[in-house]
Amino acid sequence: MALNDEVEMLGNVSLFAGLQPSQLKLLAFTSQHLTFTEGDMLFSQNDSGDAAYVVLCGKAEVIVKINGSDVVVATLGENAIIGEIAILCDVPRTAGVRAATRLETLCIEKEQLLKLLKEFPSMAIDLMKVLAERLAATTADLSEARAELNKLSKG
């Protein structure tokens, strides 16, 4: 994929929407284009967080281990950012991510992402929005699961 194509695709990611074309070009240039085949793992739960990924095309499954089994908790597609939590919180990966289809990504190293967030406060705000939306969805899922569990326990 050509650098200009990557720049255009990065411009479609809400997190990077506030960046100028020259800044997007720098981001694309300093990122690594990676392609995964269906079933490939981008990273596993509890791995160290050394990079985030932007999905250029394809779908990725977010997986957590529950009682030794893989459970898909989300499917992410084009323009999604993956793996940012481990970078921001400096904790092991909270989930694994697997390519659900052929998947093209831009891999952004931890240092590069943190530098961008410091240089562009609007980008940090956009990332907070992404994280808040994920937290709201997780809270809704948890509430639904608790309600279902209560129904089952009452017979």
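Quick check: the angle from helix 121-154's long axis to the longest principal axis of the chain, C-alpha only, nearest 10 degrees?
10 degrees
Using the crude model of +1 on Lys and Arg Cβ and -1 on Asp and Glu Cβ, and no other charge, please compute the dipole size for the chain relative to its Cα centre, in debye to 20.
460 debye
Mean residue ellipticity at 222 nm from the helices of the chain, using -39,500 (n - 2.57) per DSSP H segment of n ≥ 4 over the full residue count, to the nearest 500 deg cm²/dmol?
It lands at -14500 deg cm²/dmol.
Count of lysine pairs in the chain with Cα atoms under 26 Å apart, counting only pairs 8 or more residues apart in sequence or on different chains?
The number of close lysine pairs in the chain is 13.
For the Cα atoms of the chain, what angle does the longest principal axis make with the long axis of helix 21-30, in degrees from 0 to 90, nearest 10?
The helix 21-30 is inclined about 70 degrees to the chain.
Could you work out how far apart the two model spin labels at MET128 and HIS33 are, taking each label as a point 7 Å from the Cα in the direction of the beta carbon, and quote it in nm?
So the label points at MET128 and HIS33 sit 3.5 nm apart.
Of ALA74, SER48, ASN150, which is farthest towards the positive pole of the range 29-155's charge dipole, taken about the Cα centre with +1 and -1 on the beta-carbons of Lys, Arg and Asp, Glu respectively?
Of the listed residues, the answer is ASN150.
Note the direction-averaged projected area, equal to a quarter of the hull surface, for the Cα convex hull of the chain, in nm².
Dividing the Cα hull surface by four gives the mean projection, 9.7 nm².
Every number in this text was worked out from the coordinates using simple rules, so none of it is lab data. Bear in mind the structure is a predicted one, so any value in this text is a computation, not a measurement. Please note: Cβ atoms are built from the backbone with ideal geometry, for glycine as well, and neighbour counts cover all protein chains shown.
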